[in-house]
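J.: Sharing a structure with you now.
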Amino acid sequence: MKILKQTAFAVLTFSLFVSINTGRAQNTSFNLSDYKNPKYFYHSLDVGFNLDNNLSRNHEKSSYESNSFQSSLHSQVMANYQQYANSARSQTEKNISINFGLGSSRNKYANEQNESKFGSLSFADNLNLSGTKRFYNENQYFFEVGGALAAFYQLNASSSKRFDSTGTATLSQTSRSKTSNGNLSVSLFAGKGRIEQVQDARLALYVLDDLKRLGKIQREVSGEEVIQLAELMTKLKYKRFFDNRLRKIAEITVIDSFMQAKNFSGRADAAYFTTLNDNWLFLNNPARLSGQRFFAGIESAFVLNHHSYHNEVTIPSNEEALYRNFSLSKNIFAVAGIISEKPLNLKWQRSISFKAGIGVSQLAGNSQVLKPVEGEKVKTYTQGIPSTQVDAGIGFGYYPTSRTWLTANWWLLAGYEEQGEGTTAKDEQATLDNFYLYSGPSIQAYYYLSERLRLSFTINGEFRFDKTDFLNSTLDTATSRWWNQSMHIALSYNLF
C-alpha cells in the first residue's frame with residue numbers, strides 16, 4: 001500500500017508538471033537531433049578546502065558524578081580537473097581528482113571509579129585518473145580506448161588509557177592500521193554511432209521562445225539560424241574567463257550582436273536583456289543528449305588490496321598482535337551493447353542502454369599472523385567461469401524549461417556465475433552456481449516554483465533476488481529476496 005501511495009504521488013506531481021508547463025511556446029519546426037556540436041575544447045580546475053570541528057562536554061550527576069569530553073578536527077584538501085574535447089574526428093573525456101584528508105579526535109571520561117582517555121589520528125589520500133577517447137571516421141565508425149586508475153591509502157593510529165580512583169594505570173594500549181588499494185581498469189571498444197550533447201540547441205530555442213512571447217522577435221527564425229545561434233553559444237561557453245562578471249558581459253554582448261545582425265529583434269530594451277540574462281543563468285541545466293552508439297570489445301580490471309593491523313598492550317601485561325592481509329582480483333569480459341539517447345521532441349527525452357558480457361573473474365589472497373607467534377600464510381583462491389552479466393535500463397525525461405525537469409528510469413542488473421574455490425588455481429574445485437537479479441525504479445524531479453522557492457523529490461526502489469546452488473555441501477539451494485525503497489522530498493527557499 002505504501003508503494004502505491006508513493007507511485008500515486010509521483011504521478012500526481014508529474015501531472016502537475018504537464019498542466020503548468022504545456023502552455024510554453026515552442027519552435028516545433030526544429031528537431032534537437034539536427035544539432036551537431038562544433039569543434040570545441042573545454043577544461044576546468046576546481047580546488048577546495050574543508051574544515052570540520054566538533055567539541056562537546058557533558059556533566060551528569062545521579063548515584064555518582066561523571067564528566068565526559070569529546071573533540072574532533074578533520075580537514076580535507078581536494079582538487080579536480082576535467083577536460084572534454086569534441087571534433088568531427090574524435091571525442092575525448094579526462095578527469096583527475098586528488099584528495100588529502102587529516103583528522104584527529106580525543107575522548108575523555110571520568111567518574112568516581114575510574115578515568116579513561118582515548119586519542120586517534122588519521123590520514124587518507126585518494127588519487128583518481130580516468131579517460132576515454134573515441135576516434136571516428138566519416139561514416140561514424142569508431143574505435144574507443146578507455147582507462148581508469150584509482151589509488152587509496154589510509155593510516156590510522158590510536159591510543160587508549162584507563163586509570164582507577166587512585167590514579168594507577170589499569171590499561172594502556174596503542175594500535176596502528178594501514179590500508180592501501182589500487183584499481184586499474186582498461187577497455188577497448190569498436191562500434192558505430194555517435195552521441196552529442198544538444199542542450200545548447202535547446203537553450204537557443206528557449207531564448208527565442210521567451211523573446212517571441214514578449215514580442216521581441218520580429219520575424220520567423222529558420223532551423224539553420226537556430227543551429228547557428230546554438231553553435232555560437234557552445235563556443236562562448238567554453239571560452240575561458242577568470243572574472244565571471246566580465247564573462248557574462250562578453251557572452252551576452254556577443255549574443256546580442258548576433259541577433260541584431262540577423263535582424264531577429266528590434267529595439268534592445270530592459271525586457272530584452274533581462275530575458276537573455278535569465279536564460280543564460282541556466283545554460284547548462286540540464287544536459288540533453290542525442291544519438292546512439294553500438295559497441296563491442298573487451299573490459300578488464302585489476303584490484304589490489306593490502307591491509308595491516310598492529311596492536312600493542314603494555315598494561316596490564318605486555319601483549320602484541322600483528323596481522324596482514326593481501327588480495328588481488330582480476331577479471332576480463334567480452335562485452336557488447338548499445339546506448340541510445342533520443343529527444344522525442346523539445347520537451348521529452350528517451351534513454352535506452354543495454355550491455356551484456358561474458359568472461360572470467362579471479363580472486364587470490366593470503367592472510368598471515370606475524371605476532372605474537374608467526375603463523376603460516378593462509379591462502380584462498382576463487383574463480384568464476386563463466387561469469388556472465390547483463391546491465392540494462394530504460395528511462396524517460398520531461399524538460400519543460402531549463403530549470404524544471406522530471407526523469408523516470410527502470411534499471412536491471414542480472415548475472416550468472418559458476419564458482420570454484422581452493423587455496424591455489426591448481427586445487428580449485430567447483431563449489432557453487434550463483435544467479436542474481438537486481439532491478440527497480442528511480443524517479444527524480446526538480447521543480448522551479450520561483451526564483452527563491454524550489455521543490456525536489458527522489459524515489460528509489462530496489463528488488464534483489466539471489467539463488468545459489470551448492471555443489472559440495474549438505475545445503476543444496478539457498479534463495480533470498482529483498483526489497484528496499486526510499487523517498488526524499490525537499491523544499492528550499494533562498495532568503496537573500
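J.: Yes or no: LEU16 under 30 Å from SER104 (Cβ atoms) and either at pLDDT below 70 or assigned by TED's automatic domain parsing to the domain that holds ASN114 (or both)?
T.: No; evaluated as a whole, the condition is false for this residue.
J.: Hey, ALA296 hits all of (1) touching a residue at least 12 places away in the same chain (Cβ under 8 Å); (2) outside any strand (DSSP E or B) but one; which does it fall short on?
T.: Unmet condition: (2).
J.: Then there is this: Mind checking which residues of the range 453-494 are of a type in the set (Lys, Arg) and over 30 Å from GLU428 (Cα atoms)?
T.: Of everything in the range 453-494, just one residue is of a type in the set (Lys, Arg) and over 30 Å from GLU428 (Cα atoms), namely ARG454.
J.: Now for a different question. What residue, among those in the range 437-460 that are of a type outside the set (A, V, I, L, M) and within 30 Å of GLY415 (Cα to Cα), is surrounded by the most Cβ atoms within 10 Å (Cβ to Cβ)?
T.: My answer is PRO441.
J.: Taking the condition of being part of a strand (DSSP E or B), within 27 Å of TYR381 (Cβ to Cβ) and of a type in the set (S, T, N, Q), how many residues in the range 443-473 meet it?
T.: 1
J.: Looking only at residues that are polar (S, T, N, Q) and in contact with a strand residue (DSSP E or B) (Cβ under 9 Å, 6 or more places away or on another chain) in the range 291-326, which one is nearest to SER159 (Cα to Cα)?
T.: So the residue we want is ASN311.
J.: For the range 213-221, state whether one or more residues are touching a residue at least 60 places away in the same chain (Cβ under 8 Å), surrounded by fewer than 20 Cβ atoms within 10 Å (Cβ to Cβ), more than 30 Å from PHE143 (Cα to Cα) and out of contact with any strand residue (DSSP E or B) (no Cβ under 6 Å at 6 or more places or on another chain).
T.: The answer is yes; a qualifying residue exists.
J.: Among what's in the range 55-81 and is modelled with pLDDT under 80 and hydroxyl-bearing (Ser, Thr, Tyr), pick the residue that is farthest from LEU129 (Cα to Cα).
T.: Selected residue: SER63.
J.: If you don't mind, another one. Search the range 259-283 for residues being buried (at least 16 other Cβ atoms within 10 Å of the Cβ) and modelled with pLDDT of 80 or more, and hand back the single one that is farthest from ARG403 (Cα to Cα).
T.: MET259
J.: I want to confirm something. Restricting to the range 306-324 and keeping residues that are part of a loop (DSSP other than H, G, I, E, B) and among the polar types (S, T, N, Q), which single residue is surrounded by the most Cβ atoms within 10 Å (Cβ to Cβ)?
T.: My answer is ASN318.
The values are calculated or read from the model by the stated rules, or taken from the named source; none is laboratory data. What you are looking at is a predicted structure, and each value in this text was computed from that prediction instead of being measured. Glycine gets a Cβ as well: all are built from the backbone with ideal geometry, and neighbour counts include every protein chain shown.
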